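Taking it in order: structure first as structure tokens, then the write-up.
The values are calculated or read from the model by the stated rules, or taken from the named source; none is laboratory data. None of the values given here were measured: they were computed from a predicted structure. Every residue, glycine as well, gets a Cβ built from its backbone with ideal geometry; the counts of neighbours run over all protein chains shown. Protein only, heavy atoms only, side chains kept; ligands, DNA and RNA dropped before computing areas. Shrake-Rupley method; radii C 1.70, N 1.55, O 1.52, S 1.80 Å.
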Amino acid sequence: MIVSQQDFSALDAENLVRDRRAFFRTGATHSYRWRVAQLRALRAMLITHGHEFEHTLLADVGKGATEAQLTEISFTVGEIDHTLRHLRRWLRPRRVAAPVSLAPARARIIREPLGVALIIGPWNYPLQLLLVPLLGALAAGNTAVVKPSEMAPATSALLARLVPRFLDARAVSIVEGAVPETTALLAQRFDHIFYTGNAVVGRIVARAAAEYLTPTTLELGGKSPVFIDESANLRDVARRLIWGKMTNAGQTCVAPDYVLASPKTAALLLPELGAAITEMYGLDPAASPDYGRIVNRHHFDRLGALLSGQSPQIGGESSAESLYVAPTVINGADPESAVMAEEIFGPILPIVHVAGAEEAIEFINAREKPLALYLFSESARVRRHFLRRTSSGGVGVGIPIAHLTVPGLPFGGVGQSGHGAYHGEASITTFSHEKSVLIKGTRPDTLRLIYPPYTLERKRLIAAVMLRGRRGDTL
Ligand code: NAD
């Protein structure tokens with residue numbers, strides 16, 4: 001079912017959710033075959049219309065075809081394939097041991113679908129960040145209402161056209177639109193809300209969810225730090241850092257936001273960063289087909305404001321006409337400056353000087369918990385120290401961003417960078433209720449022992465059984 005912007009009212013939102021819920025209640029989405037069919041159809045949509053998605057991603061965020069395949073289309077197909085490979089096992093009831101006091105009995109955990117999920121996506125990876133949660137919701141047996149970002153209109157329109165042709169239209173609706181449409185949807189009762197985007201809207205989503213006590217997954221952002229020490233191979237570090245930072249022109253939630261390094265390490269790193277930029281994007285990155293653009297004028301101006309008063313050692317050029325901001329590095333950035341106050345979400349890399357690992361840990365811990373933390377050090381002691389003493393959604397040792405491509409690793413934030421997680425089996429956990437089931441026959445009625453009246457004999461028996469329970473005896 002497609003809903004276009006012009007005709008979407010509160011009543012439409014209500015009807016839409018009611019219809020998705022009515023279909024959910026038929027039980028059709030519970031079947032393993034239905035789930036697999038939906039995943040295969042989604043895969044077919046991405047393969048058949050891959051080129052069209054490449055075009056929309058170029059139009060929306062200036063993403064080149066290879067990057068679009070790597071970070072959006074093939075990425076999502078990979079996630080579908082992983083899910084198809086493992087889904088049967090993930091859905092199997094899991095047996096757990098029942099305590100001896102209940103013998104004979106069996107206990108198990110059954111993953112059941114929640115109902116109707118609302119999925120709200122942002123513009124920066126407008127395909128991946130909608131479809132990966134959606135495939136999780138469908139694999140877990142839910143129906144879904146999906147709201148693409150209005151800031152990626154070409155991808156949004158293509159999804160609205162294709163999804164109903166490929167997926168079961170009784171189960172999935174795409175609602176195109178902006179704040180009014182999202183507000184109308186958020187006023188409805190859902191069984192799970194999965195939101196990806198900034199924390200300001202994250203709060204709006206959480207407040208709306210509170211009305212019905214709806215569980216949420218909030219995939220937010222923040223400033224993801226990088227620590228580099230002198231033991232690291234700075235040439236390789238520079239390449240990985242520039243790749244991680246400049247992909248999608250820095251508009252990636254897990255992009256390295258800033259670097260913490262000693263003045264000496266920073267001085268050695270700087271020429272390597274310059275060399276890595278030239279190697280990847282040439283002497284004039286504006287002419288590179290592999291270098292992206294800023295999504296719109298608002299974000300272009302925001303980045304301009306972050307740069308005002310700064311004297312970058314690398315880059316700093318920009319063009320409002322083409323929404324181009326050069327790969328930019330600011331060495332010795334002031335921790336109190338604007339560029340260090342908020343998530344940069346653009347191709348600007350400040351390097352803040354610290355004395356060493358200890359000061360870097362204090363710097364990180366004095367701020368909000370980030371979505372990702374990156375570490376470049378050959379010292380096992382330093383690595384252990386960071387893993388133990390800092391908190392972040394995820395960690396990349398020796399490589400930025402790539403941890404989210406490991407399907408076995410749950411992807412999500414902590415604290416202000418969000419809560420809940422998805423990818424691989426974590427998506428099934430997110431979109432399911434883990435139902436605890438205890439099965440005990442009525443014969444023999446072993447429980448008679450604990451029914452009153454509590455005679456001396458029964459008290460002794462209960463004490464003996466409880467003692468075995470404390471020792472952890474199970475069936
Ligand atoms: P955005 O502006 O596209 O907004 C996200 C969604 O919120 C859109 O669908 C939009 O329609 C909706 N929205 C906007 N204002 C609203 C309102 N007032 N009420 C209800 N809904 C509203 O995207 P964005 O927020 O600019 O995305 C960038 C942010 O997202 C960054 O902070 C980034 O770090 C974060 N992000 C996080 C992840 C992650 O996986 N954790 C991934 C990508 C982006």
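The table that follows gives values for the structure above.
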item: For the range 1-93, accessible area per residue (1.4 Å probe, heavy atoms of protein chains only), Å²; result: 52 Å²
item: List Tyr451, Tyr374, ordered by accessible area with a 1.4 Å probe, largest first; result: Tyr451, Tyr374
item: For His298, solvent-accessible area (1.4 Å; no DNA, RNA or ligand), Å²; result: 120 Å²
item: All lysines inside 16 Å of Lys223 as judged from Cα atoms, apart from same-chain residues fewer than 8 positions distant; result: Lys245, Lys369
item: Fraction of accessible area attributable to carbon and sulfur, the chain (%, probe 1.4 Å); result: 56 percent
item: Counted charge near Val382, where neighbours are those whose Cβ lies closer than 15 Å (Asp, Glu -1; Lys, Arg +1); result: -1
item: Alpha carbon convex hull of the range 316-430, projected area averaged over orientations, nm²; result: 9.2 nm²
item: Solvent-accessible surface (1.4 angstrom probe) belonging to Thr455, in square angstrom, nearest 10; result: 60 Å²
item: 15 Å reach of a label modelled at Glu150, 7 Å along Cα-to-Cβ, counting backbone N of the range 165-203; result: 175-186, 201
item: Gap separating the Cα centres of the range 34-105 and the range 328-407, nearest whole Å; result: 30 Å
item: Largest to smallest accessible area among Tyr212, Tyr195 [probe 1.4 Å]; result: Tyr212, Tyr195
item: Cα-centre dipole for the chain with unit charges at Cβ (Lys and Arg positive, Asp and Glu negative), debye to 20; result: 3600 debye
item: The range 225-407, accessible area per residue, ligands and nucleic acids excluded (1.4 Å, Å²); result: 41 Å²
item: Stokes-Einstein D in µm²/s, Kirkwood radius over Cα pairs - the range 225-407 at 25 °C with 0.890 mPa s viscosity; result: 150 µm²/s
item: Sites matching trypsin sites (Lys or Arg not before Pro) across the range 280-344 that sit in DSSP coil, with at most 15 neighbouring C-beta atoms within 10 Å; result: none
item: Share of pairwise Cα separations in the chain, more than 40 Å, in percent; result: 30 percent
item: Sites Thr442 and His82, calculated FRET efficiency, Cβ-Cβ separation with R0 41 Å, nearest 0.05; result: 0.40
item: Cα lying deepest toward the dipole's positive end in the range 225-407, options Tyr281, Ile361, Val406, charges on Cβ; result: Val406
item: Euclidean distance between Cα centres, the range 169-186 to the range 265-309, Å; result: 36 Å
item: Rough spin-label spacing in nm, given labels placed 7 Å along Cα→Cβ, for Val36 and Arg297; result: 5.3 nm
